[in-house]
Amino acid sequence: METASPLYDTKGAIVGAIEILTDITDRRQMEMALASEHDRLAAILDGIPIPAFMIDRNYTITLWNETVR
C-alpha cells in the first residue's frame with residue numbers, strides 16, 4: 001500500500017513528494033494460508049459420504065459438502 005503527498009517549499013511551490021510504503025508481506029502470507037486451509041477443509045467435507053457442514057462462531061454455515069442438496 002502506498003500513500004503520497006506533495007512537498008512544498010516556503011513559497012508554496014511543489015519541490016518533491018513524501019511517500020509512505022507499507023509492507024503487507026505478512027498479511028498476504030496469512031491470507032494465502034487461510035485460503036489454503038479453507039480449500040483443505042472443503043476437500044475433507046466433500047469426501048464425507050453423508051450430509052455435513054461447517055459453521056463459524058456466529059452459527060453461520062460456511063462450508064457444506066455436495067451430498068447436501
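The values are calculated or read from the model by the stated rules, or taken from the named source; none is laboratory data. Note that the structure is a prediction, hence the values are computed from the model and not measured. Note that each Cβ is placed from the backbone with ideal geometry, even for glycine, and that neighbours are counted across all protein chains shown. Heavy atoms of the whole protein, side chains included, go into the accessibility calculation; ligands, DNA and RNA do not. Shrake-Rupley method; radii C 1.70, N 1.55, O 1.52, S 1.80 Å.
For Tyr8, Tyr59, give me the order by solvent-accessible area with a 1.4 Å probe, most accessible first, ignoring ligands, DNA and RNA. Intermediate results must be reported in sequence, preceding the final value.
Details: Tyr8 125, Tyr59 180 Å².
Descending accessible area places them as Tyr59, Tyr8.
Solvent-accessible area per residue in the chain equals 91 Å², computed with a 1.4 angstrom probe and all protein chains kept. Largest mean-square fluctuation among Leu21, Leu45, Leu34, in a Gaussian network model of the chain whose springs join Cα atoms under 10 Å apart, belongs to Leu21. If only the Cβ of Lys and Arg carry +1 and only the Cβ of Asp and Glu carry -1, the dipole of the chain around its Cα centre is close to 180 debye.
Note on the chain: the C-alpha convex hull projects to 8.3 nm² when averaged across all orientations. Element breakdown for the chain at a 1.4 angstrom probe: carbon and sulfur atoms account for 61% of the accessible area.
Divide by every residue of the chain the summed helix terms, -39500 (n - 2.57) for each DSSP H run of at least 4, and state the resulting mean residue ellipticity at 222 nm, rounded to the nearest 500 deg cm²/dmol. The partial results should precede the final answer.
On the way: 1 runs with 22 residues, N = 69.
My calculation for the chain gives -11000 deg cm²/dmol from helical runs alone.
Put simply, the amide H of Asn65, placed in the peptide plane, has neighbours under 5 Å in Ala52, leaving out anything fewer than 5 places away on its chain.
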